[in-house]
Amino acid sequence: MQPNTKLPKVGTTIFTVISQLAAEHGAVNLGQGFPDFAVPQRLVDELARAMRDGHNQYPPMTGIPALRQAIASKVLRCYGGEVDPDTEVTVTSGATEAIFNAIHAVVRAAEEVIVLDPAYDCYEPAIELAGARAVHVALDPQSFAVDWQRVRDAITPRTRMLMINSPHNPSGAMLDQADLDTLAGILRGTDIVLLSDEVYEHIVFDGRRHESVLRHPELAARAYVISSFGKTYHCTGWKIGYAIAPPALTAEFRKVHQYNTFTSFSPAQHAFAAMLRDEPEHDQQLGAFYQAKRDRFREQLLSTRLLPLPVPGGYFQLVDYSAVSDLADAEFAKWLTVQHGVAAIPLSPFYATPPAGQRLARLCFAKNEATLDAAIERLVKL
Ligand code: PMP
Ligand code: GLN
């Protein structure tokens, strides 16, 4: 049987395509975003302990109380925001599930969701499965700043949701307080729900503060704020994340979560609850940990013909490769992987309409020094 596809535009994700190509050609994989260093030992010990202690059956649908409480305490510590662990915090199977749930909780067929391009790849398919339409507003192609006038112009009576992501994947750009104030002004008086993807919330550099929507009461009152332990604890394969939203939005979110996954991997919830409770400094040290990697990698890139763009947050380095090649980015990423043994991610798959002539590739620096050194050794030959 040939099904009438619901997602005609969807193929295999660029991350999988490039990772497979990297494996086939023995390339150093700076493509797909994942750390190649160890998870904190304490977390592994707590996970093993949770399994030995018998936490192996369905946990509560909303997440175990200790973890929801620990998340609420973290939000208070980091952003000064009071959230109720019982009515405002839901643990999910990664940020991806939380994003899917939030969209399906509030977006109806024929409605519109504004996404800012380049946008993370799981947004649009979830919008389309809801029968809705993604309305794409491009960020500045160099600075990746938001042009709020263009956002304002994109709003129609059908707009149900607006999605933001800071620190931003793939650029690392961050929203500041003025951005959030402007956004609050734009949304005031509308019934548009905000989805704030903050999975890189603790990976911020140069003393800059992450402007979580949870710091902004007016926006938080209409927002799903989504994060992921995968980024903060170097364990992208564990797939535990969470969504924070006011009680009414959370109630709708949980209706989807309840019948999507119902609940998420119990031992990991216990492990994260223990980590957050006993080692709250972990997330505070993450910025410095990654800043050292970023600075070393950028210094090394100076010996190549790739031009590094600024990286305010996140663990991706964008490079302008126009001194090396005039290939379009998807071709360039494949050429770099196959011919030069370094896997990178092109930006065009993150766009509805990629900016003409953009010559940028994304390199992940969440890697051991040896991995980055091996990549640089190849990149200097370009
Ligand atoms: N949003 C962004 C911006 C991401 O980069 C990622 C993962 N790289 C996700 C969401 C998904 O997170 P998770 O792996 O927890 O599903
Ligand atoms: N979020 C990761 C990235 O941006 C990839 C996750 C995935 O492979 N779906 O690289």
Tell me which residues, restricted to region 331-356, are touching a residue at least 60 places away in the same chain (Cβ under 8 Å), among the small types (Gly, Ala, Ser) and more than 16 Å from ligand 1 (Cβ to nearest atom).
-> Ala333, Gly341, Ala352
Qualifying residue in region 13-32 (condition: in contact (Cβ under 8 Å) with a residue 60 or more places away in the chain, more than 15 Å from ligand 2 (Cβ to nearest atom), in a loop (DSSP other than H, G, I, E, B) and within 20 Å of the chain's Cα centre (by Cα)) | no
Could you tell me which numbered condition Gln339 fails, if it satisfies all but one of (1) in a strand (DSSP E or B); (2) under 30 Å from His25 (Cβ atoms); (3) more than 16 Å from ligand 2 (Cβ to nearest atom)?
-> (1)
Matching residues in region 242-267 - criterion: being buried (at least 24 other Cβ atoms within 10 Å of the Cβ) and among the small types (Gly, Ala, Ser) = Ala243, Ala245, Ser264
Does region 34-52 include one or more residues that are loosely packed, with under 15 Cβ neighbours inside 10 Å, within 16 Å of ligand 1 (Cβ to nearest atom) and assigned to a helix (DSSP H, G or I)?
-> no
Members of region 229-260 found to be part of a helix (DSSP H, G or I) and closer than 30 Å to Ala288 by Cα, listed by number = Phe229, Gly230, Lys231, Thr232
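Within the bounds of region 207-223, is there any residue that is of a type in the set (A, V, I, L, M), within 16 Å of ligand 1 (Cβ to nearest atom) and farther than 20 Å from Thr90 by Cβ? Before the answer, list the steps.
To start, the set of residues in region 207-223 that are of a type in the set (A, V, I, L, M) comprises 213-214, 219-221, 223.
Restricting the remaining residues to those that are within 16 Å of ligand 1 (Cβ to nearest atom) gives 213, 223.
Pick out the ones that are also farther than 20 Å from Thr90 by Cβ and you get none.
No, every residue in region 207-223 fails to be of a type in the set (A, V, I, L, M), within 16 Å of ligand 1 (Cβ to nearest atom) and farther than 20 Å from Thr90 by Cβ.
FYI, it's all coordinate maths here, none of it is from the lab. Note that this is a predicted model, so its numbers are computed, not measured. When we count neighbours, we look across all protein chains shown, and the Cβ atoms used for this are built from the backbone with ideal geometry, even at glycine.
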